[in-house]
Structure formats: C-alpha cells, structure tokens
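Here is the structure we will look at, set down as structure tokens.
We did not get these values from a lab; they are worked out from the coordinates using the rules stated. For clarity, every value in this text was computed on a predicted model and none was experimentally measured. All Cβ positions, glycine included, derive from the backbone under ideal geometry; neighbour counts span all protein chains shown.
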C-alpha cells in the first residue's frame, strides 16, 4: 500500500438551520481546506458525498460541483453516501497510482425536511418503509436491545451525553455543547423510550472538506500529515430483525481489516449519533477506558447527515496534525441502526 | 504500479418498459447472477460490491444500496454506492476497476440499475424547485436546444438524426436484451413520428426502461477458469465540469474532449478512428451520435454527421457505433452507462452474438451525464495491456 | 404559484413537496407474503439451511443465496424481542395514538418483523411480551393489512 | 371469489415528503430584485463575467461573487426547442418555445419561454423582451416574468452568438 495522508481539514459551522444554498456553504469550506494544504489546484482527483433525498431535490450534488473548482474539467466522482466513503474512493484512486492528490468534500442539508421521517425512505420499500418508522424510534429499538443485554441504564447513556457536550464546548462548530447535569437530563421525558432528547443527535446542516496526498506530496504539504494506515468498510443485513442489534459486527470486521487493534489508540472519533451506539462501537473496536473518545463532542453534538462521518475522520486527523495524538481511529456509519460502517486508522508517523 | 484488471463476467436483464415480475432486488440480482455465471463464480467468491444508479427519486428509495446489500451477497463485505448522474453506470465500473488496480480486492462485482416504472422519468428528473418557473421539460427539453445549436453550427442535413435512429433500431433487432425491437421502425416511420421537443422526434428519443447490468472484474491472478477469454481494461478516464458557466461549450463540451484525450493517451491510442474497432457511446437522443463523434475525436468539429451519413457508424462501417442498439433502444438510466461499458467488453470478448463486430480487438465504452458535464470512458481490449 | 413564501433573515423560503404514488412490483417471494396477508395469514420463507425468515426475504442475508421455494405458515402470535415507545405518532405511522414499535419474532420464525404494537401505555410493553396481529377488515396485500399487533392477553 | 384468489403482484406505496426550501442568499437577492421588476446578475471578481440568475459564485473561477449588476430585460435567443409534449411540471399551453435568452449585459443564457409569437417564427438570433406580470402582482418568484416576446429589433447574427453554445 502507498503512504497516503490527510493533510488538511475544514468544516462549516453545524447549524440547526442553514439558509445558504449548498454552494454558499461549501465554497468557503473547500477554499479553507485547499488553502491549508498549500496544494495548488487542480487536484488529481475529487470525490464528494451527499444524498439528494435530504432536501428533496434531485441532483443537489451536481450544483455543488460549482464549489469544487471544476474548471478546467477535473477527474471527479460522487458517492450517494457519507463523505467518509468519498474519502475511501479517493484513497483507492491514489492507491491505484492514478492520483497523487485528492480533494474530498461532503454536504448535507437535513433541516428543510422532517429528517427522521425522510430517513424512513432508506428502508426496505416493501415491508418497512410503508409503515414509516422514524429513524429515532429504530435507534431506540437498538438501544433497548443493548441495554437489556448489558444491563446498562439510562444514567450510563446520559453520562455519554454529558461528556460529549462538555467536550463540544471547545468545538466552535458544534451545534450542541455545554455543562449538562445528569439529573436534569434524566428528568426529561423519553422521546422514543428508552431514548431521551440528550441520547439523540441534533438535526443540523453542514459541510466538510479534506485534502489527501501521497508520500512526498503529503510531507511537503503538512508538518505532521495524518497517515492513513488502514481503511475498510463493511455492511450488514438490512433487516433489523435479522441482526443482533446489540453488537456491531460490521464495525468489528472493518476495524480488524483496517488494523485498529494493531497499536495503542490515543483518540477515537466514532460516528455514534445516539448515546448507546458509542458504547456498541467502543466494544466492536476494542477501545479500552484509556482511549479518548469523541473529543470533538461527536455526532451527539453535531450530526450533519452525509457529512458527520467525514468530519469524524477530519477531527481524528486534526489531533494527529496538531501533535496531540500519535494514533487515532475514526469511524463513520450509514443506514439504520449502524448497518454499514467504515473504520480509518491514522498515525502521525 | 497499478494491477491489470480483467472483465471476466458480464450480465444484463432484458430491458423493457415495466418488469412487473420482479422486485427491485430481483431485477438487480438477475443481472448480477448472469455476470457471475458468465465468470463461473459464486456469491462467496466476490470480495466487494460497487453499485450505481441515477436519482433515488426514480424508485423513491433513499440510498437503496442499504436495502440491496442482502440481494447482492454484500453482507460482511465492502459495498460502495456511486452516483454521477447519467454517467453513473460508467463511473461505477471505473470505481470497481480501481479497487482491483489498487490491489485492494481480487474480485469485484459491479452493478447498475434503474427501475423507472416505479415512478415517472420526467418527474424524477425535473422535480420543480419553489420560486423558480419550470421552463425545461425533462431531459428532452434540456437537450433539444443543444441539438438545434449543433444543427445550426454544423449545417448537418435535417435527417441525420433519423438515420442514426434507423441504424440503432436495426442494430437492436440483433440484440436479444434490447427494449425497442421493432422491425417497423423504418426511415419513414421515424421521420413521421411526432416532434416531442422539436427538433427531437419521438422515435429519435430513448425509451424509459427497467433494467440492470453487472460485471465481474478481477485481477490477473484471480481470473477464474476461463469459459471465455476476459476483456482487459486498457485505460479509464473521468472528467467533470460545472453545470453552467460563462464561455461553456455546451455542444462540444471541453470535459468530454479532455476525457477522451486522457483515455486515448493512457491506452496508447493516437488515431481513435483507426485504432478503435467499435464504440458504445451514450446517445439518448439520436443527434448525440454525430455530436459525440466530434467530441470523441472520431471526426473534426462540424463533420461528425458525415460519419452517420456515409455509413461509417453502421455495423458494417469502418467505425461501428452502438451495435447493441444503444441507449436509443434501451434506457434504464442508471444502468445505461454500464451497458455501454459492458457492451464494449462483450465486443472484444467476441461475446456480442448477432451484433458482434468481426475481429473487434479494441473498444470504447462511453457515458455522460448531467447537462453534458460528467464523462466516464474506458478502453478495453482482447489483449493484455 | 408558491404560497407561504417567507423572508428569513434576508433569505427566501417556501414550501416544497416531493410527492409520488409509487407502484412497486414485488416479485414471487414477497408476492406470496403479500397474498397471504391479504388472505389474513402470515408466512415465512425457508433458507436453504432451513432458517425461516419473516418477513420473507428473497435472498438469505447470511449467505447471499436465493431462498428455498418453501413457504411456512408462522404466527399468528409472536414474541417482542425489542421495542421503543412513540409518544407522538407522525401522521403516516400506523396508529394515531401513542404506540410501540417492536421487533416481533412470530411463532415458527427465526427472524423478527417490525410492526406497531397497540399497548395503550408503555408500562404494558416488555421484551418477551406475546402479541397477536389485529387484521384490517379490508385487506389489499400490503404490510398495513395488519393494522398493528396487540398484547395477546388483552 | 376468483378475483379474491389472484396473487398479489404489486403494492402501492405513496410518498409525500414536505420540505421548507431555502433559496440561499444570492438567489434570494435575485428574487427580491424580480419582485421589484429588476433582473440582477452578479459579476465574477476574477473573470468579470456576469451570471444570471446568480448562485453566489463563479463556477469557472470557483470564487464567491458579490458585485450586483442590473441587467436589461431584453435579450437574444441563442437556441431553443419547441415543446410539443406535456410535462406535469409545466402549465404553459402547448406547443411552446423553451428558449435560452442571452440577456443584454449577461454572459450566460437565461432559460425561459417565448409566447405571443407563432412557434415556427422563433429563431436563433431573435431579439426578445420580458413580459412581466402587472406591477401590483410583482412578487419574489420567477413567475413574475410571465414569458418573453419578440421585441421587434433586428436579429443578431449567428456568429456573434456562437460562443454561447
């Protein structure tokens, strides 16, 4: 495998309601990531991630290309997935020897619609989607399965929310942050028993961009590139009733393939939009108590759809690039109840 | 450093207006099973799945790869979903090829599909935006002015488009999978068909199809016991440009010209018309054949129509184009690009049956999408690159 | 003409509706399931290893193989394997009053089906609860031919 | 009874999702201009080209655009199609001309329709002008421009339009 690294990362403030259009949100983010990389356009490859359904308009990604710098024409691709998978496609392109540098970006505007309902259209169109189960209720099915198996309590979940919000105080892009008291959180009614509001992510809009470079190009671009030492993704059966929801076998498998356990992990950025999912993912990746999880506040504090996974990779890379971590694990998820998972292992040297 | 990549299995469905006998999964699975059978492989042999399709509004299923994971044997494996508008079938195959070329996987299944009968193509492609006034009537309404611009600029005879349609529909009669297989589509029948988006007539337009296409790509060392010699990927290329900008050349897009130049140079092709034996290109409206002949460098600017006129692009011509009947005869949008790539590979494997070009050794697969702004191409050959 | 155009901090916003009456062909396996639902019955399909999938899947999620052409009567009763509570149902959801979503393993099945449970109050829900379907009188061959499930002893 | 036994082969799964669309900053400024009977483009600070409707950036240079330029509501047809087939999105009577109009002062064509002119008289190079709704009905939507109609000025030669195709 070639040495490929993340050399810069930028993201938009994750707002509950972003009124700008996708190009207006993306362009400053792309410009910032490109400027920080010091790499001049054109990039050898560009890849983006988004989903048209979020805002109910086909070809949103086509318009978004205006922000990328696509003139003269560029080699470019798009995944209808979280931007973490766009990063994977770009990494593959570099591995194949067809590119030395790549620009990756993602955007998602969830605020125009009723997101938990929009996500019901992701489900099996014959026996699931016609019942319109909302995404929060489905996550709650998983939360209960996990709690009843492990004996974890609502207080254990709330502790994850409290820690995440506290960490998010130092993240200017977070949607939710602050010092929350467990008792106050637990006093709130469940919104989808067993989940309370603090167990769920804010609905928000966002965008992010990452620049990748191979070998010498990366060393030139960045004092401490975040080298991608392993990246892998796996998918599980779609039907929730055909899976053991209390574990994440696809995360475990992707983690093994990416080599997450091949060394001590300083920091992990896990794409866990719901509190219980952080616990499930920690276990799947074998992350012990000593691992700092989601110092950014994680998806519980800012979960722009199609972008939050790429942001996890960017946040983890940032810890390597600023020298505060030597080895980091980043994770992205897609689909109902952690159906599909990607794991990326980053190292400073 | 790239590994060689071979196409060892190809499958497609019979394309038709409405596949009422299968679910979405059943449709996709049918093409994938045929590709695996052609390769002599089974589901557990596949390392990864790359799937592509056009807008999710067609079927009303957001990110349908999630639901299709089971049907494509992807459980426990990596699965990627590509969407680059109309060029998606081509770019999906290119992503699958990259996985092999990078040495990440040995055997990759790539699939593209559209089940357009679940909704309505015109609606799914042009959902109305609030505060705007809808003035573009679907893809035909979008592309017809570009065709008129081409006609005006090139001075091509008015019946050029009709001749393309006559040729492609005749070719489709030789392709058992084609959607439009109608021996009555003569010059007069096409000329007499109603104008939909003047200057584009009904029979100069692609149909709306249900269909899927799949291919199995492997590394050199993983080529299964050959039932049939593989096709080799000699080069791939993609180019994109913004939707609309000042100075844009909409009729002869720079992105398409650059993409062609790139794919030829990687494949060692100096004279495409001489060195390429057959081309499968994305022609949703008949006039795009002459337009793409120029864009692809088979003809000088303004001269592409002559190739159609002189019969160069016919099955027996010196530069046969769309021997399968092309998009004009079958158009499951998300799969249409992959069908071009697959048909090119079928030609160099000698697998194209009645629409086979004798002795085809080098073939071009081409797809485009958006407002003529996304291009993907590959050159495949019967010999190792 | 767009109604209800608003100016929010200088940016114009307006309602936008994405609406289509999708009609889906279901294929042979799901066709059997929906036909059975219309006839007031629940069936599963056997995998080649003999596991019974309910709702039937066309392909075995574990192996990718096509399922066997063997359909098995299941239920009508079953057991809740996990559940969540909906205090404020959305308009499109099966019940207009608070209800539970549950994964229900029907008697004779190896996988669980997602549906609504009309339990009245969350205190009446628990994992392991036995439930039975409440059928609609007018059935068309649709997952909503089962209006919901209800606790068996109710 | 036989009807009852027919196997189910199809299901209906209607979908209706409601969104609150946001036009974005640049398009909103443009639409508010329309509400005042003005067509506002934006000039790229780098290539100096004028975009209409503006989207807040120049995709050619990949930079934001801010400078507003008021454009004429007259222009030239660079190309067109005659639409003779119904489309559920469009309520203009058939047949109608779907046109690309290069507004005077703009560098990209604007998509609209031409009415008040037999469709077989529409031609590349024809000069047209916007027909607005009555002043009291002006609103911040493109529907405020009802259509374009021939202005009666002499045609622009094709050579002058070639770069816009």
Exercise. What FRET efficiency, computed as 1/(1 + (r/R0)^6) with R0 = 22 Å and r the Cβ-Cβ distance, is obtained for residue B:358 and residue B:310, rounded to the nearest 0.05?
Worked result: 0.65
For this session: Using only alpha carbon positions, build the gyration tensor of the protein assembly as shown, then give the equivalent ellipsoid semi-axes as the square roots of 5 times its eigenvalues, largest first, whole angstrom.
Result: 43, 33, 31
For this session: Restricting to region C:24-151, compute how many DSSP beta bridges are antiparallel as a %, nearest 5.
Result: 95 percent
Problem set entry | Cα principal axis extents for region A:131-290, largest first, Å | 54, 38, 34
Exercise. Residues of D:119-125, mean number of Cβ from any other protein chain within 10 Å of their own Cβ, rounded to a whole number?
Worked result: 2
Exercise. Distance from the Cα centre of region D:17-67 to that of region A:115-143, in angstrom?
Worked result: 37 Å
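Using per-residue counts of other Cβ atoms within 10 Å, averaged over each peptide, order B:269-280, B:161-172 from highest down.
B:161-172, B:269-280
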For this session: Ignore the peptide's own chain and count Cβ atoms of other chains within 10 Å of each Cβ in C:63-70; give me the average, rounded.
Result: 4
For this session: Please report how far the C-alpha centroid of region B:248-280 lies from that of region B:138-213, rounded to the nearest whole angstrom.
Result: 23 Å
Exercise. Of the listed peptides A:315-321, D:119-125, A:13-19, what is their order by residue-averaged count of other C-beta atoms within 10 Å, with the highest listed first?
Worked result: A:315-321, A:13-19, D:119-125
Exercise. How large is log10 I(q)/I(0) at q = 0.16 Å⁻¹ when the Debye formula is applied to the Cα atoms of region B:10-54, each weighted equally and without solvent?
Worked result: -0.48
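To the nearest whole number, what is the average tally of beta carbon atoms from other chains within 10 Å of the beta carbons of peptide A:140-153?
Mean number of neighbouring Cβ atoms from other chains: 3.
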For this session: Note down the Stokes-Einstein diffusion coefficient of region A:149-227 in µm²/s, whole number, using a Kirkwood radius over alpha carbon pairs, 4 °C, and 1.567 mPa s.
Result: 83 µm²/s
For this session: Sort out for me the Cα centre separation of region B:362-385 from region A:291-319, rounded to whole Å.
Result: 37 Å
Problem set entry | Space enclosed by the convex hull of the alpha-carbon atoms of region B:1-88, per residue, Å³ | 130 Å³
Problem set entry | Span per principal axis, largest first, for the Cα atoms of chain B (Å) | 53, 48, 44
Exercise. Order of A:28-35, D:43-50 by packing, highest average Cβ count within 10 Å first?
Worked result: A:28-35, D:43-50
For this session: Can you figure out the FRET efficiency of residue A:155 with residue C:9, using R₀ = 45 Å and their beta-carbon distance, to the nearest 0.05?
Result: 0.65
Exercise. Hey, what number do you get for the protein assembly as shown at 222 nm if only DSSP H runs of n ≥ 4 count, each worth -39500 (n - 2.57), divided across all residues, to the nearest 500?
Worked result: -7500 deg cm²/dmol
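Among rounded, prolate and oblate, which fits region D:25-164 when a ≥ b ≥ c are the square roots of the eigenvalues of its C-alpha gyration tensor, a/c under 1.5 means rounded, and a/b larger than b/c means prolate?
Working: a/c = 1.79, a/b = 1.29, b/c = 1.39.
Because a/c hits 1.5 or more and a/b fails to exceed b/c, region D:25-164 counts as oblate.
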Exercise. Picking from B:11, B:76, B:370, which is most flexible by a Gaussian network model of chain B using Cα springs under 10 Å?
Worked result: B:76
Exercise. On alpha-carbon atoms, Rg over Rh for chain A using Kirkwood Rh?
Worked result: 0.95
For this session: For region B:231-304, list log₁₀ I(q)/I(0) at each q in 0.11, 0.19, 0.21, 0.28 Å⁻¹, using the Debye formula over Cα point scatterers of equal strength and ignoring solvent, two decimals each.
Result: -0.29, -0.85, -1.03, -1.48
For this session: Quick one: pull the percentage of alpha-carbon pairs in region A:45-93 with a separation above 18 Å.
Result: 28 percent
Exercise. If you average over every viewing direction, what projected area does the convex hull of the Cα atoms of region B:160-314 give, in nm²?
Worked result: 12.0 nm²
Seminar exercise, completed: For region B:62-120, the Cα convex hull volume per residue in Å³ comes to 93 Å³
For this session: With 5 Å bins from zero, work out the P(r) of region C:24-151 over every alpha carbon pair and list the percent per bin.
Result: 2, 12, 20, 22, 19, 15, 8, 3, 0
Seminar exercise, completed: Taking max minus min of the Cα coordinates of region B:272-366 on each principal axis, largest first, gives extents in Å of 33, 30, 18
Exercise. What do you get for Rg/Rh over region C:15-55 if you use C-alpha atoms and the Kirkwood form of Rh?
Worked result: 1.22
Seminar exercise, completed: Using alpha-carbon positions, the gyration tensor of region A:196-241 gives root eigenvalues a ≥ b ≥ c; with a/c under 1.5 called rounded, otherwise prolate if a/b exceeds b/c, else oblate, the class is oblate
Exercise. What fraction, in whole percent, of alpha-carbon pairs in region A:211-349 exceed 20 Å separation?
Worked result: 42 percent
For this session: Restricting things to alpha carbons, find the Rg to Rh ratio for region A:48-161 using the Kirkwood radius for Rh.
Result: 1.10
